[in-house]
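The values are calculated or read from the model by the stated rules, or taken from the named source; none is laboratory data. Here the structure is a predicted model, which is why all the values come from computation and not from measurement. Methodologically, a virtual Cβ is constructed for each residue, glycine included, from the backbone with ideal geometry; neighbour enumeration extends over all protein chains shown. Heads up: the accessible areas ignore ligands, DNA and RNA and are worked out on the full protein's heavy atoms, side chains in. Shrake-Rupley method; radii C 1.70, N 1.55, O 1.52, S 1.80 Å.
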Amino acid sequence: MAGGLEDLMKQIVAAFSGSGSGGGASNSKQQIIDYLKDKGYPKEAIAGIVANIDVETGGTFDYKQKQLDDKGKVVKDGGEGLFQFDFMKPHYKTWRKNNKKKDSIESQIDFMDEVVKGKVDMLGGTEKAILNEFLFKPGHGRAEDIAGVFTSVFEKPEKGKEHFDRRKASAIDIYKTL
């Protein structure tokens with residue numbers, strides 16, 4: 001998870017300079033939204049997932065984003081990517097190898113999609129059922145509720161670093177634009 005003033009400055013520079021994947025944060029964000037739409041995710045689920053990506057990448061939406069500490073330094077063996085894969089990193093690398101995929105926005109979303117749908121055995125049955133209920137059942141939850149469930153069940157951030165308020169606020173803002 002990103003943090004600190006130096007980190008914020010790097011993210012601002014990346015967003016305005018067009019660095020990162022897809023030529024800048026807004027392009028990458030839209031690419032993510034469009035890809036989730038193409039995969040059939042409802043608007044509330046898209047907003048909840050993209051809100052998590054927003055917080056996990058510190059607003060860069062960069063699929064190569066490394067986890068930064070509070071001083072803006074890369075955390076050795078820390079999370080990376082749209083979902084800040086940490087405990088998931090070995091699963092993701094194996095999935096990529098087995099599917100002959102290179103790392104990209106699409107690959108990271110495809111992996112998440114297969115985990116959520118139970119095609120990659122990484123979550124327990126109850127966790128998969130909860131995610132499927134919230135992500136795919138029409139009218140089951142508001143974008144901000146889905147953001148919170150996705151955080152707790154898929155992201156599993158370190159206790160005290162959930163940033164539910166930021167995720168929920170981002171989900172509400174994103175939902176308004178869909």
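For the reader, a short list of remarks on this structure follows.
- Whole-percent carbon and sulfur share, accessible surface of the chain, 1.4 Å: 52 percent
- With all protein chains in place and ligands, DNA and RNA left out, the 1.4 Å accessible area ranks Lys119, Lys37 as Lys119, Lys37, largest first.
- Debye equation applied to the C-alpha atoms of the stretch 59-159, log10 I(q)/I(0) at 0.11 Å⁻¹: -0.36
- Backbone HN-Hα couplings from phi across the stretch 113-130 [Karplus 6.51/-1.76/1.60, Hz, Gly and Pro as x]: 4, 5, 5, 4, 7, x, 7, 10, 7, 10, 10, x, x, 5, 4, 4, 5, 4
- Distance between the 7 Å Cα→Cβ label points at His91 and Lys73: 3.1 nm.
- Sum of -39500 (n - 2.57) over DSSP H runs of 4+, divided by residues of the chain (222 nm, nearest 500): -17000 deg cm²/dmol
- Note on Thr177 and Asp38: the model spin-label points, each 7 Å out from Cα along the C-beta direction, lie 1.9 nm apart.
- A cut-off of 5 Å between modelled amide H atoms, ignoring neighbours fewer than 5 places along the same chain, links Leu68 with Ala2, Gly3, Val75.
- Prolate/oblate/rounded label for the stretch 111-178 (Cα gyration tensor, a/c 1.5): oblate
- By the Cα gyration tensor, the chain has an equivalent ellipsoid whose semi-axes, rounded to whole angstrom, run 23, 19, 16 from largest to smallest.
- Computed from the C-beta positions of Asp121 and Lys64, the FRET efficiency with R₀ = 25 Å rounds to 0.40.
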